[in-house]
Amino acid sequence: MHAATYNGGVNSSSHPLLNADLHCHSVISDGTLTPEALAERAQRNGVELWALTDHDEVGGIARARQAARDLKLPFLSGVEVSVTFLRKTVHIVGLGFDDTHPLLVQGLANTRGGRAARAQEMAAGLAKVGIQGAYEGALQFVGNPDLISRTHFARFLVERGICQDTHEVFRRYLTEGKPGFVPHQWATLRDAVQWIHVAGGMAVIAHPGRYGFTANEEFALFTEFKALGGRGVEVVTGSHTTDEYVTYADMALEFGLLASRGSDFHSPDESHTELGTLPYLSGRLTPVWDALSNRIVH
Ligand code: AMP
Ligand code: MN
Ligand code: MN
Ligand code: MN
C-alpha cells in the first residue's frame, strides 16, 4: 500500500481499498429506483466510485452521470450485456465507454429486440399452468417498454400472491425446465466484447460463480474472453459467496484479469446486496479502476 496516494481523494481510485460499486440496475432495466435515486443512495452508503449497469441498455447513463456529477460522486458509464455462451446466458459488464457510440447503441438495441416476443411466450407458458394475464401484469412493473425481463414477471407473481418473493418465482417458474422459462439467443461473446471495445470501454465477466458451468466450460469462457481482449472479472459481487471471492480472485490472477466489485443492487425491497456494502477487494488483486482512471467522471 502506498499510504501517500491513499488519501480518499482522486488518487484513491487506483487502490484496491476503494468502496467502488460497479454493478447495479435502475428502472431503465429491472431495478426499481431511478438513476438519480441510485446515485443518492450510493453516495449515502459511502460509495466512492459508482457505475450504473442496466441490462442491454445505456439509456440511463446520461441521467446517472449528471446525478453523480451533482453529488460529486466519481462515475463510470456501464452496461450489462446478455450473451449466450455454451448454450447458457452469461453477462458481460462494460465500463468506461462512450455511451453514445452508434455501434454499441445499435448492438444493444438488437440484443433487446427479442424481449417482447420472448415475454409473450413466457406468458403463454405461465397461462398453461393457470396463471393468466402475466404479460400485461409484468408490463405494469416495466419502466422501459424495450426491456421487459424475467424480473418483471417475478414481481407480478409476487403481487398476485402466487409466490412469497421473487427468488421463489425464479425457482418455481422462470428457470430452465419451469413453465415460464423460454430459451433465448442473446448476443455472442465476441459481439458483446467488441461493442464495448469499439466504444472505448473495458469488458468484464459478470458474477462468474452464477453460471453453473463445469470447470472445463468456465475455463473455456475465461480463455475465449481473454483471447477477445476482455480485461476484467467480477470477484466481489452480491452474487458470490465468500468462498467464491477467493475462487475468482485466484482465477483473476491465473488469467491476468483485473478485478471488479459490484453489488448488483436492484431494489430496496428485494433481498439483493445493498449498494456499497460489500467487502473490499483483496490487496493481491489489481482493480479494474486502475486502468479506467481517465474514464472516471468527477
Ligand atoms: P432476463 O434478462 O429477462 O433473463 O432476467 C434476468 C434477471 O433476472 C437477472 O438480471 C436478475 O435480476 C434476475 N434473476 C435471475 N435469477 C434470479 C433469481 N434466482 N432470483 C431473483 N432474481 C433473479
Ligand atoms: Mn437483473
Ligand atoms: Mn447479471
Ligand atoms: Mn446485474
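Using the alpha-carbon positions of the chain, Rg (one decimal) and Dmax (whole number) come out as 18.5, 64 Å. Within a straight-line Cα-Cα reach of under 24 Å, Lys88 can be paired with the following lysines, leaving aside sequence neighbours fewer than 8 residues apart in one chain: Lys178, Lys226.
Derived scalar couplings between HN and Hα for segment 91-107 equal 10, 10, 8, x, 9, x, 9, 7, 6, 9, 4, x, 5, 5, 4, 6, x Hz in order, rounded to whole Hz, by the Karplus curve 6.51 cos²θ - 1.76 cosθ + 1.60 (θ = phi - 60°), x for Gly and Pro. Between the Cα long axis of helix 242-255 and the first principal axis of the chain there is an angle of about 60°, rounded to the nearest 10. Calculated mean residue ellipticity, 222 nm, the chain: -10000 deg cm²/dmol, from DSSP H runs (n ≥ 4) at -39500 (n - 2.57) each, averaged per residue and rounded to 500. Dimensions of segment 212-255 from C-alpha coordinates, computed as largest minus smallest value along each principal axis and given longest first, are 28, 21, 17 Å. Proximity of backbone amide H atoms, modeled 1.01 Å from N, is registered between Leu258 and Gly232, Val233 at under 5 Å, excluding neighbours fewer than 5 places apart on the same chain. Axis of helix 215-227 versus longest Cα principal axis of the chain: the two differ by about 60°, to the nearest ten degrees. Under 5 Å from the amide H of Phe265 lie the amide H atoms of His25, each residue being 5 or more positions distant or on a separate chain, with H modelled from the backbone and absent for Pro and chain starts. Cα centroids of segment 130-184 and segment 53-102: how far apart, whole angstrom? Using only Cα atoms to place each centre, the spacing works out to 24 Å.
Modelled spin-label separation between Val129 and Asn110, with each label point placed 7 Å from Cα along the Cα-to-Cβ direction: 3.4 nm. Across segment 56-73, coupling constants 3J(HN,Hα) worked out from phi with the 6.51/-1.76/1.60 Karplus curve, θ = phi - 60°, read 6, 7, 10, x, x, 5, 4, 5, 5, 5, 5, 5, 5, 4, 4, 8, 6, 9 Hz, and Gly and Pro carry x. Computed from Cα positions, the angle between helix 189-198 and the longest principal axis of the chain comes to roughly 50 degrees. Taking GluC sites (Glu not before Pro) across segment 104-192, the ones in a DSSP loop with at most 12 further Cβ atoms lying within 10 angstrom of their Cβ are Glu176.
Counting only protein heavy atoms and a 1.4 Å probe, the chain has 42 square angstrom of accessible area per residue. Around the amide H of Val79, modelled in the peptide plane, lie the amide H atoms of Gly94, all under 5 Å away and 5 or more residues distant in sequence or on another chain.
Binning the alpha carbon pair distances of segment 124-273 at 5 angstrom intervals from zero yields the distribution 2, 8, 14, 17, 16, 16, 13, 9, 4, 1, expressed in whole percent.
How many percent of the accessible area of segment 115-172 is carbon or sulfur, using a 1.4 Å probe? C and S atoms contribute 48 percent here. Maximal additional length on extending the Ala220-Thr188 stretch stands at 10.1 nm, based on 0.36 nm per residue less the C-alpha distance. Counting only DSSP beta bridges with both residues in the chain, the antiparallel share comes to about 45 percent.
The values are calculated or read from the model by the stated rules, or taken from the named source; none is laboratory data. Note that the structure is a prediction, hence the values are computed from the model and not measured. Reconstructed Cβ throughout: ideal geometry from the backbone, glycine too, with neighbour counts over all protein chains shown. Surface accessibility is based on the protein's heavy atoms, side chains included, excluding ligands, DNA and RNA. Shrake-Rupley method; radii C 1.70, N 1.55, O 1.52, S 1.80 Å.
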